[in-house]
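Every number in this text was worked out from the coordinates using simple rules, so none of it is lab data. What you see is a predicted model; the values in this text were computed from it and never measured. Note: ideal-geometry Cβ built from the backbone for every residue, glycine included; neighbour counts use all protein chains shown.
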Amino acid sequence: MQINSIPASNSHLPWPSSKIHYFFTSYKQLKPLSFSLKASSFEAQDPKLTIPARLPVTIRRSGSVFQYSWDGNQLKLISLDKRSSLSSSLDDFEDGYKRLFKFVSLPVRNFFLPREISGNYVEYVKWKFLHRVFSSALQVLATQAMFRAIGIGYAHSLPSAAALNWVLKDGLGRLSRCIYTACLASAFDTNLKRVRFSTSVVFSLSVGLELLTPAFPQYFLLLASVANIAKQISLACYLATSSAVHRSFAIADNLGEVSAKAQIQSVSFDNLGLLLAASLNMLFKNSPRLQAGLPFAIYPVFTAIDLFGIYQGLKHVHLQTLTKDRLEIILNTWIEVGYIPSPAEVSNAEGIDFLSNGGRELWNIRIGCLNTKSQIPMLSMMTVKSLKNEDLYFICMEISQHKLLRKNHLGILLCVREGAQTADVILGLLQACYLRKRLLCSATKWDTILEACHKSDLVLGDWFSLVEDSKHSALANFDLLKEKLVEAGWASKNILLSTKEQARYSFLDDPQG
């Protein structure tokens, strides 16, 4: 803004003309003031700034800290990472080496890793590197074996029947992939780690089948088709679960960046696996017999390393979404200790559960509806009979039988009504956990009662008393529990339930949707 003139008459102004003249004269001579970013130190410094002058503002770039400096004509950045000039020459050499390493490693880090990620992501990538390199090397060797089985690499030409067989086995693989995805869609959310590791084992076995094709060329179509079906199933699981895994690492809503970096990592690690396989082939190129037997010798070793890398990598995937199993771990910890465990703590307690042995402990809690194929205690029938219209869930007993041991197991069943919200499911599961704790204190008594399987007023009174006490305990702590769930980083708006756990009951007079 430029001031062209000052009014001749300033009688209407509240200041004398001498003060106005002094103001504009001082304005022209005013030097820039330097301010500190600290809230308590907005103080003007000496107007006679020394040149060059360092400004109290810093900026971080590529892991280094720089300070702004004004030389009178230009604003510059000065690194604050430099050490004192009094350090020894050895320290200077070490410092220079560290700066060189930092200069080289930072672009590599920014190329492979997102900028905003959770702390466990780097460990996950380390195990992913181990898994992808050895898995890629095995796939290269398996493809090479299949080419030998159908004639590529030998003097005679490839028969047209081999090409037809190849197309056929790919078609069967894609069809199986669609069927598998449709059947196990909900399991990708509720049992992500178990399904992913299980399909990884299946993938490793499929590679083994492909390695067998040169030994049994007459069964090429059968072996290749079965192997490709297993590969397609594993690929379907990998694609379906990748978004959930990447979301667990994205702490700044940068899911796209995390997914993009994951693709870069996969391509780079797979190329290293290709290089490893090529190096092994070159090592034994002068011995065709050893070259042919090489895949069978290294398959067990590479497969073990591959699966170990997958298993360890999944341990560093801490999912924040709630499932029945994760919520049960959280609620048990809340009841016993009085605090909400973090996703990392629940991940360690949850494990991968590869053999799926869960659900066989005493008084296991199940979400669903009454199973007509199981033995239903009389207490459960009385519980259903006493339901009220305002109830959004009910809890009853059930007796399940182990298929192999032929032994009965006592359990707790949580049945949820149509229209119930996520909060109602959490409240019902919390009440079931309180009820289980009370039942475990008198397990022998209830074993005897259930074996009798007859209605007794005393038994009914004890059961409904336990149910009411557990409900009061759940309601008393429910509001605080919801707050602590959010503070611990859990996504508590929804609970991921399997197809069987999504079953709901309704009264006859309920409006049908």
Students often check this: by mean Cβ neighbours within 10 Å, which of 70-76, 140-146 ranks highest, and how do the rest follow? 140-146, 70-76
By the scheme Lys and Arg +1, Asp and Glu -1, what is the net charge of all other residues having a beta-carbon under 11 Å from that of ARG54? 0
Could you calculate the FRET efficiency of PHE147 with ARG109 from 1/(1 + (r/R0)^6), where r is the beta carbon distance between them and R0 is 41 Å, rounded to 0.05? 0.60
Which length gain, in nm to one decimal place, applies between GLN67 and ARG438 when the Cα-Cα distance is subtracted from 0.36 nm times their residue separation? 127.2 nm
The summed charge of the ALA488 Cβ neighbourhood (under 13 Å; Lys/Arg +1, Asp/Glu -1) stands at 0
Under a point-charge model restricted to the Cβ atoms of Lys and Arg (+1) and Asp and Glu (-1), what is the dipole moment magnitude of segment 112-317 relative to its Cα centre, in debye to the nearest 20? 200 debye
Across segment 112-317, how many lysine pairs, 8 or more positions apart or on different chains, have C-alpha atoms separated by under 26 Å? Please give the number. 15
For ILE59 and GLU123 in the same chain, what is the full-extension length gain: residue separation times 0.36 nm, less their Cα-Cα distance, in nm? 20.2 nm
Over 21 Å apart: what share of the alpha carbon pairs of segment 112-317 falls there, rounded to a whole percent? 57 percent
Classify segment 236-373 from the C-alpha gyration tensor, please: rounded if a/c falls under 1.5, else prolate or oblate depending on whether a/b exceeds b/c. prolate
Around VAL337, what is the net charge, scoring Lys/Arg as +1 and Asp/Glu as -1 over all other residues with Cβ under 14 Å from its Cβ? 0
Taking the highest mean first, how do the peptides 191-203, 231-243, 426-438, 250-262 order by number of other beta carbon atoms within 10 angstrom per residue? 426-438, 191-203, 231-243, 250-262
What distance in nm separates the two pseudo spin-label positions at ASN271 and GLU390, each 7 Å out from Cα along the beta-carbon direction? 6.7 nm
